[in-house]
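Below: the structure, in C-alpha cells.
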Amino acid sequence: MSKRIIRLPEVKSKTGLSRSTIYFYMSEARFPKSVSLGDRAVGWIEADIEQWLDVCIAAAKAANNE
C-alpha cells in the first residue's frame, strides 16, 4: 500500500476546515498529526485524512438517527 502525502491546501479542500481549525484540532488530538517534510514543510498522510472523514461522517449519521 502506497502512502500519499497531501499538503495543507488539499487538506483544507477535502475537509472544509480552515488552517487555524486544523491546527487547533491537532492540538486537541482531534485531527491527524502532520508529518515533517523538511525544515519548513509539512503534509498529512492522505489515508489518515480519509479515515478521519469517515469517522466524522459516521458520527454525524449516528447523531441524526438518535
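Structure above, values below:
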{"item": "Some residue of the stretch 2-10 being surrounded by 15 or more Cβ atoms within 10 Å (Cβ to Cβ) and part of a helix (DSSP H, G or I)", "result": "yes"}
{"item": "Residues located in the stretch 24-60, provided they are on the phi < 0 side of the Ramachandran plot, without any contact (Cβ under 8 Å) to a residue 24 or more places away in the chain, open to solvent by 80 Å² or more (accessible area, probe 1.4 Å) and not polar (S, T, N, Q)", "result": "PHE24, GLU28, ARG30, LYS33, ASP39, ARG40, ASP54, VAL55, ILE57"}
{"item": "Residue in the stretch 13-23 that is in contact (Cβ under 8 Å) with a residue 24 or more places away in the chain, assigned to a helix (DSSP H, G or I) and among the basic types (Lys, Arg) present", "result": "yes"}
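The values are calculated or read from the model by the stated rules, or taken from the named source; none is laboratory data. Small disclaimer: the values here were computed from a predicted structure and weren't measured. When we count neighbours, we look across all protein chains shown, and the Cβ atoms used for this are built from the backbone with ideal geometry, even at glycine. Just the protein is used for accessible areas: all its heavy atoms, side chains included, with ligands, DNA and RNA removed. Shrake-Rupley method; radii C 1.70, N 1.55, O 1.52, S 1.80 Å.
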